[in-house]
Each structure stands twice: as C-alpha cells, then as structure tokens.
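What follows is a set of notes on a single structure, which appears directly below.
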Amino acid sequence: MRRATPKRKTSPDPKFNSLIIAKLINQVMRRGKKSTAQKIVYSAFDIVSEKTKGDPIEVFEKALRNSSPEVEVKSRRIGGANYQIPVAVMGERKTTLGLRWLIAGAKSKKGSPMHLKLAEEILEAAEGKGVAVKKREDVYKMAESNRAFAHFIRR
C-alpha cells in the first residue's frame, strides 16, 4: 500500500498575512508568475476597499462564505447506471471550491482587465449575486433533485 502524500503548507501572503488570500493568489497564478497574480489580487482588493469604503478582507470573506458550497454531487456507477449522489462538502474542499468558482466567475466576464473582473465578482458574491453564487445554487439544486440517491453513499 502506498503512503499518503504529505500536505504542503501554504505560507501567508506578504501584504495581509492571510492564508486564504495566499490560496487565492496561488489559484489566480498562471505559469508560475506569482508576482503578477499578487498584483492582480492586491489591486482587486484596492478597488473593493474604494467601492465599499471598508475592509476588503471582510468583504472577501463574506463573498467566500456566500460562494462556498455545503453539498455537492459525485458521480457513482451502480449496476450499469451512473447516479449523481449528493455528498456534504467538508473543510478545506469548501474553501477551495469557493475560491475556484470566484476566479472562474471573474474569468467568464469579458472585456476588462482581470483585477477589475475579480473585484467585481468579489463585490457581487458578497451581495449574494454573481456567477460564483449562481454556481453554488445550481450545485445545491442538483443535489436536491438527486436526494433520492443519497442512500448509495455507503456502498
């Protein structure tokens, strides 16, 4: 039997000293360009603080709470048929999915620089709107409609 891969520690970001923001930067990062990703995230936070006249970290955490899922569906093959089985999302995966959906929602907007799109998506998610929150609601609806298959979890 193989050993489990050890969990890597993410060091907190230099400006806000926050692990969640460091994870956001790492997910925004493409091709190892961390300084570019930091510029995008920090300028997005500057825009958020200008528009809300408050702490951008609080707005971001509220947006992350609004876009992080409680349940998700996992595909499972049972007796020649694939079932979408609703499963509760635990701990680390909840924040990872929330971050992933926030970034994907920002990327789906066209025509402006990434820092503006990210700031807009964070502000919308904090209000309970936006692409990331819609994605979470769609996943919840999918889990709700497949609730009849929840008994397949234990097999």
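Assorted remarks:
- Subset of region 1-52 (residues that are of a type in the set (Gly, Ala, Ser), touching a helix residue (DSSP H, G or I) at 6+ places or on another chain (Cβ under 9 Å) and either more than 23 Å from Glu127 (Cβ to Cβ) or crowded, with 18+ Cβ neighbours inside 10 Å (or both)): Ser11, Ala37, Ala44
- Criterion: closer than 22 Å to Val131 by Cα and in contact with a Ser or Thr (Cβ under 6 Å, 6 or more places away or on another chain) - qualifying residue of Pro69, Pro56: Pro56
- Figure legend. Inter-residue proximity from region 90-114: first residues more than 12 Å from Leu24 (Cα to Cα), second residues of a type in the set (Gly, Ala, Ser), beta-carbon distance below 6 Å, spacing 6+ or different chains. Indicated pairs: Lys94/Ser68; Gly105/Gly130; Gly105/Ala132.
One line per residue, one yes/no per condition, for (1) closer than 13 Å to Ala119 by Cβ; (2) assigned to a loop (DSSP other than H, G, I, E, B); (3) modelled with pLDDT under 95:
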position	(1), (2), (3)
Phe16	no, yes, yes
Gln38	no, no, no
Tyr42	yes, no, no
Phe45	yes, no, no
Ile57	no, no, yes
Glu72	no, no, yes
Arg76	no, no, yes
Asn82	no, no, yes
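- Positions within region 66-100 being loosely packed, with under 12 Cβ neighbours inside 10 Å and hydroxyl-bearing (Ser, Thr, Tyr), in sequence order: Ser75
- Within region 54-68, the presence of at least one residue that is within 24 Å of Lys15 (Cα to Cα), of a type in the set (Gly, Ala, Ser) and over 14 Å from the mean Cα position of the chain (by Cα) is confirmed.
- Checking Leu97 against (1) modelled with pLDDT of 90 or more; (2) assigned to a helix (DSSP H, G or I); (3) touching a strand residue (DSSP E or B) at 6+ places or on another chain (Cβ under 9 Å); (4) farther than 25 Å from Lys15 by Cβ, the condition it does not meet: (4)
- Those residues of region 101-133 which are surrounded by 14 or more Cβ atoms within 10 Å (Cβ to Cβ) and more than 13 Å from Ala63 (Cβ to Cβ), in sequence order: Ala104, Lys107, Lys109, Met114, His115, Leu116, Lys117
The values are calculated or read from the model by the stated rules, or taken from the named source; none is laboratory data. None of these values were measured; they are calculated from a predicted model. Every residue, glycine as well, gets a Cβ built from its backbone with ideal geometry; the counts of neighbours run over all protein chains shown.
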